[in-house]
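J.: Have a look at this one.
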Amino acid sequence: MRSLSIVALTAVTAFADAPANQEQWEEATQFDCIGPFTHFSTPDVKEKDGFRYEYTGATVKLRRTSAKPGKQVRLGLLAGIKDLDAETRTSVERFLAEFEKADVDAVVIGGDTSSDPQMLENQYAYLAQATKRPLLIIAGNMERGASLNYAIAKVRKDTGATNLVNMDLVRRADFDGADVVSLGGYHDKAFLHLAGGCIYADKHVDQIEAAAKAADDAVVLLTHGPMRQKGQQALDYVPGAENVGDPRLTAIVQSAKISFGITGHILEAAAKGTDVAGKVLPPKKLHPALFVNQGSANPLPWKMNDGSTAHGLAAIMTIDGKKASYEVLRGPKPTK
């Protein structure tokens, strides 16, 4: 094996030999729920369907092979897919069509895809062929980390898909205009669907700051669970339990000066964007700080905090320099 130096000092995984490519790096971290912020020297480059991926371990540099004007970055946001029923596929495909119209730079799959290992594999295979856009994937409180890692690796091997980016192991996606920094899993083991589910620790939260410092553009923090906010309009508000987000995320957002974020899990608090404190911000307008909860793409009816009923939700987030905007996408009420 070719020997290459590990250039970051924040490793939590011991490498028997320095990895020479991304496959070896991810194989070495395959049992990690959340990967270390470590890197190898020479980029492992993959190019397909109009996108170029330059992997160096915990970072992937993502570029279009045909550059578009400006440095605006647009992300399609999906989470909570949960199954592959016909109604769910219809919902997901409707949102993916909207993402195509918006010409998004990537699609975010923000966790709670499935708790079943075979279903995870089926879903990732389905998504990889349903869109050619990069898919930035994290675990929620439903998935086991090792199962997610295995499913993504197997779909890549079996289908040749290059657009599945495992953001539990890759902690920073570097776009031309924004850097997505990730933290998969959840902070409270009481809400895990499975024993051995993904719980992040203080050291993983601390790595957010290291990844943010490595960014060369505005940082977008991608998590499944929200940070702690205030008030009934916040992204982490649950009736009867109040604000349930992780205060460690609030602290790291403030200390690392992170202005933008994508979150989920609290489905009844979704379909909106707020500032850091939890004040709701109007859609389709640029804001200097913006955190978005896209909700669940699954069409199962869900009662929202505002009294409405959702039948599948998604969102589009646009980062334009030092400001960002969002648009909520809503599935129609089923006719049957």
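The values are calculated or read from the model by the stated rules, or taken from the named source; none is laboratory data. Quantities reported herein were computed from a predicted structural model and do not represent experimental measurements. Positions of Cβ are backbone-derived with ideal geometry, glycine not excepted, and every protein chain shown enters the neighbour counts.
J.: Just need a number here: residues in the stretch 135-156 that are farther than 23 Å from residue 191 by Cα and either without any contact (Cβ under 8 Å) to a residue 40 or more places away in the chain or in contact with a Leu (Cβ under 6 Å, 6 or more places away or on another chain) (or both).
T.: Qualifying residue count for the region: 5.
J.: Keeping to the stretch 315-336, report how many residues are assigned to a loop (DSSP other than H, G, I, E, B), among the polar types (S, T, N, Q) and surrounded by 14 or more Cβ atoms within 10 Å (Cβ to Cβ). Please lay out each step first, then the result.
T.: First pass over the stretch 315-336, keeping only residues assigned to a loop (DSSP other than H, G, I, E, B): 321-322, 331-336.
Cutting the leftovers down to among the polar types (S, T, N, Q) gives us 335.
If we keep only those that are surrounded by 14 or more Cβ atoms within 10 Å (Cβ to Cβ) as well, we get none.
Within the stretch 315-336, residues that are assigned to a loop (DSSP other than H, G, I, E, B), among the polar types (S, T, N, Q) and surrounded by 14 or more Cβ atoms within 10 Å (Cβ to Cβ) number 0.
J.: Pick from the stretch 80-109 the residues that are free of Cβ contacts under 8 Å to residues at least 60 places away in the same chain and out of contact with any strand residue (DSSP E or B) (no Cβ under 8 Å at 6 or more places or on another chain): which of them is nearest to residue 162 (Cα to Cα)?
T.: Residues of the stretch 80-109 free of Cβ contacts under 8 Å to residues at least 60 places away in the same chain: 84-86, 89, 93, 96-97, 100-101, 103, 107, 109.
If we keep only those that are out of contact with any strand residue (DSSP E or B) (no Cβ under 8 Å at 6 or more places or on another chain) too, we end up with 84-86, 89, 93, 97, 100-101.
Working: 84: 22, 85: 25, 86: 26, 89: 21, 93: 20, 97: 20, 100: 18, 101: 22 Å.
The residue in question is 100.
J.: Here's something else I'd like to know. Taking the criterion of being surrounded by fewer than 19 Cβ atoms within 10 Å (Cβ to Cβ), of a type outside the set (A, V, I, L, M, F, W, C) and either in contact with a strand residue (DSSP E or B) (Cβ under 9 Å, 6 or more places away or on another chain) or touching a residue at least 60 places away in the same chain (Cβ under 8 Å) (or both), would at least one residue in the stretch 235-243 satisfy it? Lay out the reasoning, then the answer.
T.: Step one: filter the stretch 235-243 for residues surrounded by fewer than 19 Cβ atoms within 10 Å (Cβ to Cβ), giving 238-242.
Narrowing further to those that are of a type outside the set (A, V, I, L, M, F, W, C): 239-240, 242.
When the remaining residues are screened for being either in contact with a strand residue (DSSP E or B) (Cβ under 9 Å, 6 or more places away or on another chain) or touching a residue at least 60 places away in the same chain (Cβ under 8 Å) (or both), the result is 239.
Within the stretch 235-243, one or more residues are surrounded by fewer than 19 Cβ atoms within 10 Å (Cβ to Cβ), of a type outside the set (A, V, I, L, M, F, W, C) and either in contact with a strand residue (DSSP E or B) (Cβ under 9 Å, 6 or more places away or on another chain) or touching a residue at least 60 places away in the same chain (Cβ under 8 Å) (or both).
J.: If you don't mind, another one. For the subset of the stretch 30-41 comprising residues that are touching a Phe, Trp or Tyr at 6+ places or on another chain (Cβ under 9 Å) and part of a loop (DSSP other than H, G, I, E, B), which member is farthest from residue 214 (Cα to Cα)? Please lay out each step first, then the result.
T.: At the first step, the residues of the stretch 30-41 found to be touching a Phe, Trp or Tyr at 6+ places or on another chain (Cβ under 9 Å) are 30, 33-35, 38-40.
Narrowing the set further to residues that are part of a loop (DSSP other than H, G, I, E, B) leaves 30, 33-35, 38.
Working: 30: 24, 33: 22, 34: 18, 35: 16, 38: 12 Å.
Per the criteria, the residue is 30.
J.: Among 197, 245, 184, 177, which is the only one that is in contact with an Asp or Glu (Cβ under 9 Å, 6 or more places away or on another chain) and at pLDDT below 95? Steps first, answer last, please.
T.: Values: 245 fails: at pLDDT below 95; 184 fails: at pLDDT below 95; 177 fails: at pLDDT below 95.
Sole residue among the options that is in contact with an Asp or Glu (Cβ under 9 Å, 6 or more places away or on another chain) and at pLDDT below 95: 197.
J.: Let me ask something else about it. Do you know which residues across the stretch 279-314 are within 19 Å of residue 234 (Cα to Cα), assigned to a loop (DSSP other than H, G, I, E, B), touching a residue at least 40 places away in the same chain (Cβ under 8 Å) and among the small types (Gly, Ala, Ser)?
T.: Residues satisfying the conditions are 295, 296.
Matching residues to (1) within 20 Å of residue 218 (Cβ to Cβ); (2) surrounded by fewer than 19 Cβ atoms within 10 Å (Cβ to Cβ); (3) not β-branched (Val, Ile, Thr):
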residue	(1), (2), (3)
31	no, yes, yes
36	no, no, yes
43	no, yes, yes
47	no, yes, yes
62	yes, no, yes
65	no, yes, no
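J.: Working carefully through the options 146, 161, find the one that is at pLDDT below 95 and not polar (S, T, N, Q).
T.: Numbers: 161 fails: at pLDDT below 95.
Of the residues listed, the single one that is at pLDDT below 95 and not polar (S, T, N, Q) is 146.
J.: Taking the stretch 165-193 as the search range and keeping residues that are among the small types (Gly, Ala, Ser) and part of a strand (DSSP E or B), which one is farthest from residue 34 (Cα to Cα)? Before the answer, list the steps.
T.: Taking the stretch 165-193 first, the residues among the small types (Gly, Ala, Ser) are 173, 177-178, 182, 184-185, 190.
In the following step, the residues that additionally are part of a strand (DSSP E or B) were identified as 173, 178, 182.
Details: 173: 15, 178: 22, 182: 9 Å.
The selected residue is 178.
J.: Okay, next question. Can you find even one residue in the stretch 137-147 that is touching a Pro at 6+ places or on another chain (Cβ under 7 Å) and either more than 18 Å from residue 55 (Cβ to Cβ) or surrounded by 23 or more Cβ atoms within 10 Å (Cβ to Cβ) (or both)? Working first, answer last.
T.: Going through the stretch 137-147, the residues touching a Pro at 6+ places or on another chain (Cβ under 7 Å) turn out to be 147.
Right, trim to either more than 18 Å from residue 55 (Cβ to Cβ) or surrounded by 23 or more Cβ atoms within 10 Å (Cβ to Cβ) (or both) and you get 147.
Yes, there is a match, as at least one residue in the stretch 137-147 is touching a Pro at 6+ places or on another chain (Cβ under 7 Å) and either more than 18 Å from residue 55 (Cβ to Cβ) or surrounded by 23 or more Cβ atoms within 10 Å (Cβ to Cβ) (or both).
J.: Something else now. Taking the stretch 212-230, which residues are over 21 Å from residue 143 (Cβ atoms) and outside any loop (DSSP other than H, G, I, E, B)? Break it down stepwise before answering.
T.: First, pick out the residues of the stretch 212-230 that are over 21 Å from residue 143 (Cβ atoms): 212-220, 228-230.
212, 213, 214, 218, 219, 220, listed by residue number.
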